[in-house]
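Data block below; observations after.
The values are calculated or read from the model by the stated rules, or taken from the named source; none is laboratory data. What you are looking at is a predicted structure, and each value in this text was computed from that prediction instead of being measured. A quick note on method: Cβ atoms are made from the backbone with ideal geometry, for glycine too, and the neighbour counts reach across all protein chains shown. Areas reflect the complete protein model, heavy atoms only, side chains present, ligands, DNA and RNA absent. Shrake-Rupley method; radii C 1.70, N 1.55, O 1.52, S 1.80 Å.
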Amino acid sequence: MDALHPRLLTADFAAAFRFYDAVLPPLIGAVRSSGDAAGPYASWDVGDQGAVMLLDRAAMAAVAGTRALPAQAPPAQDTAMLVSRVTDVAEAYELCLRHGAAPVAPPAARPEWGPTLRTAHVRDPEGRLLEFQSY
């Protein structure tokens, strides 16, 4: 059985697939276990555990009965982010930028969060916030 894991609902499945397929293996050692850029579903595992899944947002809207709702919320503060501990925060940050992420906060020490903590933040191609940390 998989532990709790994120399933990201995506409007541009092919772009999200290309990004995560490029960055998940070097960042967390994930291996794609199903799917391709055509969608509507793809998943990556670490060992025998599900790590990240993608699902076409329209497919989920059909199941959840939310097709009539707006696809985009008004601008607001983030309510969630994906966080991964990495060996080298700067390397993770640069890898994501090379594959289409938008910079949010460059690598920096965060002693107010932890005495040896370093973080960097990017947004994936659909604007989801990602944090890379080392400590």
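Being outside any loop (DSSP other than H, G, I, E, B), in contact (Cβ under 8 Å) with a residue 12 or more places away in the chain and buried (at least 18 other Cβ atoms within 10 Å of the Cβ) is a property that ALA59 lacks.
From the residues in the range 79-94 that are open to solvent by 80 Å² or more (accessible area, probe 1.4 Å) and of a type in the set (Asp, Glu), which one is nearest to THR10 (Cα to Cα)? Checking each candidate, the answer is GLU94. Scanning the range 43-78 for residues that are among the hydrophobic types (A, V, I, L, M, F, W, C), over 15 Å from LEU8 (Cα atoms) and modelled with pLDDT under 90 turns up ALA73, ALA76. So is LEU24 farther than 26 Å from SER134 by Cβ, modelled with pLDDT of 95 or more and surrounded by 12 or more Cβ atoms within 10 Å (Cβ to Cβ) or not? It is false that LEU24 is farther than 26 Å from SER134 by Cβ, modelled with pLDDT of 95 or more and surrounded by 12 or more Cβ atoms within 10 Å (Cβ to Cβ). Run PRO74 past the list (1) under 20 Å from GLN133 (Cβ atoms); (2) open to solvent by 80 Å² or more (accessible area, probe 1.4 Å) and report the number of the one that doesn't hold. (1) is the only condition that PRO74 fails. Please verify whether the range 75-84 includes one or more residues that are part of a strand (DSSP E or B), within 20 Å of GLU126 (Cα to Cα), of a type outside the set (S, T, N, Q) and in contact with a strand residue (DSSP E or B) (Cβ under 9 Å, 6 or more places away or on another chain). Yes, that holds for at least one residue.
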